[in-house]
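Step one of this worksheet: look at the structure below.
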Amino acid sequence: MVEQANQIAVHFAGLPREEAIAGVLDHIQRFWDRRMKDHLRDVAKDGDGLHELVAEAVKRMPIDA
C-alpha cells in the first residue's frame, strides 16, 4: 500500500504543494476502504518509505474516514 500511496503522490507532485496534498488526500478518501486507510495511518506513524505528500495527507485525514 505504501507503493500505491507513493504513486498517487507522484501523480500530484507537479502541482503546488497544498494542491498536491489535497489531491492525495481526496484520492485516498474517495477510493481507499477503511482497512487500507487504517493501514496507511499505521505506516505513517513511522513514516518509513512514505512520500512526503502522503505523510502530510495522512496527517490531515479525518479520524473517522
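The values are calculated or read from the model by the stated rules, or taken from the named source; none is laboratory data. Source: prediction; values computed, not measured. In this analysis, Cβ positions are derived from the backbone assuming ideal geometry, glycine residues included, and neighbour counts consider all displayed protein chains.
Take the residues in region 38-58 that are of a type outside the set (A, V, I, L, M) and at pLDDT 95 or above, then tell me which one is farthest from Ile21 (Cα to Cα). Within region 38-58, the match that is farthest from Ile21 (Cα to Cα) is His51.
The set of residues from region 13-47 being within 12 Å of Met1 (Cβ to Cβ) and not aromatic (Phe, Trp, Tyr) comprises Ile28, Asp33, Arg35, Met36, Lys37, Asp38, His39, Leu40, Arg41, Asp42, Val43, Ala44.
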